[in-house]
Amino acid sequence: MATYDLATNFVQAVMDTGTHVMKAENTINFAATNVQSADVIKCLPIPANAIVFNVYAIVRTAEGATCTGTLGDTGGAATWKSSVNLNATAGTVVKGLEATDANATNGKFYSASDFIQLTMANASAAAKITVVAFYGMIER
């Protein structure tokens, strides 16, 4: 199992300066970085004192074969979503928080910095996905 830090190319935008609501996104291209089953891909950095409201994965290019993973953080591989199909039709959006997910009611507070991560269940050499997180900052 390897860990790839691909969180360095993310884009962050302030959505509302009055409430410190942020959006971070990163497109992960597995044609450029081939990965194996059980590899962990750091997709987005989450700063300390952030409340993450939701995490999404948008399929841009399907793998072309069975390829799934989980969206989580360093505290749990499936903190946000237990199954992301990287072979879904381009344009498919996987929402992290749905009624049955652990953080569905309130999101998750991060007292220390962390990463939104994708843990692979299969190898990938063709898929492309965009991972998006919406979060608010708590001033300390």
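Read the figures in this text as sums done on the coordinates, not as results from a lab. Given the structure is predicted, the values throughout are model-derived calculations rather than measurements. Because the Cβ atoms are built from the backbone with ideal geometry, glycine has one as well, and the counts that use them run over all protein chains shown.
For this structure, a couple of remarks:
- Amide H contacts under 5 Å for GLN117, placed H, 5+ residues apart: CYS43, GLY72, ASP73
- Taking a point 7 Å from the Cα of ALA126 along the Cα-to-Cβ direction, the residues of region 57-88 with backbone N closer than 15 Å to it are 60-68, 86-88.
- Taking θ as phi - 60° and the Karplus parameters 6.51, -1.76 and 1.60, the scalar couplings of region 47-61 work out to x, 4, 6, 9, 9, 7, 7, 6, 10, 10, 10, 10, 6, 9, 9 Hz in sequence order, x denoting glycine and proline.
- Cut-off 11 Å, label 7 Å out along Cα→Cβ of ALA65, residues of region 18-46 by amide N: none
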